[in-house]
1. Pairwise over distinct Cα atoms, reciprocal of the mean inverse distance: report the Kirkwood radius of the range 49-109 in Å, one decimal place.
2. With everything on Cα atoms, drop me the angle between helix 105-117 and the longest principal axis of the chain, reported from 0 to 90° to the nearest 10.
3. At 7 Å along the Cα-to-beta-carbon direction for both residue 40 and residue 72, put a label point, then send me their distance in nm to one decimal.
4. Using Cα atoms only, what is the angle between the long axis of helix 17-34 and the major principal axis of the chain, expressed in degrees (0 to 90) to the nearest 10?
5. Write down, largest first, the equivalent ellipsoid semi-axes of the chain in whole Å, where each equals the square root of 5 times an eigenvalue of the alpha-carbon gyration tensor.
6. In whole Hz, with x marking every Gly and Pro, tabulate ³J(HN,Hα) for the range 41-47 from phi via Karplus 6.51 cos²θ - 1.76 cosθ + 1.60, θ = phi - 60°.
7. Write down the Å³ per residue value for the convex hull defined by the alpha carbon atoms of the range 30-83.
8. In terms of modelled amide H atoms, which long-range or inter-chain residues lie less than 5 Å from the amide H of residue 82?
Amino acid sequence: MSLFDPPEGSAFDRIGGEWALRAIINDFIDSCFDDTMIGFMFQRADRNRVKEMEFQLAAQLLGGPFRYQGRALAEAHQPHRIQGGQFERRKFLLERALRSHNVPRDIEHILMTHTDRLRAQVTVDAASNCST
């Protein structure tokens, strides 16, 4: 293999498979629930269910043997009136979790780009931004 060949295996396999992705997701979701800026939005949520749904979504995206079995994202998030700045804060926390687990940058890019693509389904304020 040369420096120009793509890495072998799925992105899911390259980050360490199920247990590695679960550790990343657990840290990420815990940081969302405990965050002073957005944690209040999770007060009524089941932390373990959120972790499982987030894991399924990420595992499927990364080519793992799991399928997302939750509700459509727009339906699941519609009652929460998530603002653009809150969405940006969540992205910041995701990026921080990915980097703390030394996720390869190309896989980080896949996850962050996918998150951006979901913005219109999650937030009622798709055009707004804020600095985290």
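1. 13.1 Å
2. 30 degrees
3. Between residue 40 and residue 72, the simple spin-label model gives 3.0 nm.
4. Once rounded, one gets 20 degrees.
5. 26, 16, 14
6. 5, 9, 4, 9, 7, 8, 3
7. With only Cα atoms used, the range 30-83 gives 96 Å³ per residue.
8. For residue 82, the qualifying residues are 124.
The values are calculated or read from the model by the stated rules, or taken from the named source; none is laboratory data. Because the structure is predicted, anything quoted here is derived from the model rather than measured. Note that each Cβ is placed from the backbone with ideal geometry, even for glycine, and that neighbours are counted across all protein chains shown. Side chains are part of the model used for accessible areas, which takes the heavy atoms of the whole protein and leaves out ligands, DNA and RNA. Shrake-Rupley method; radii C 1.70, N 1.55, O 1.52, S 1.80 Å.
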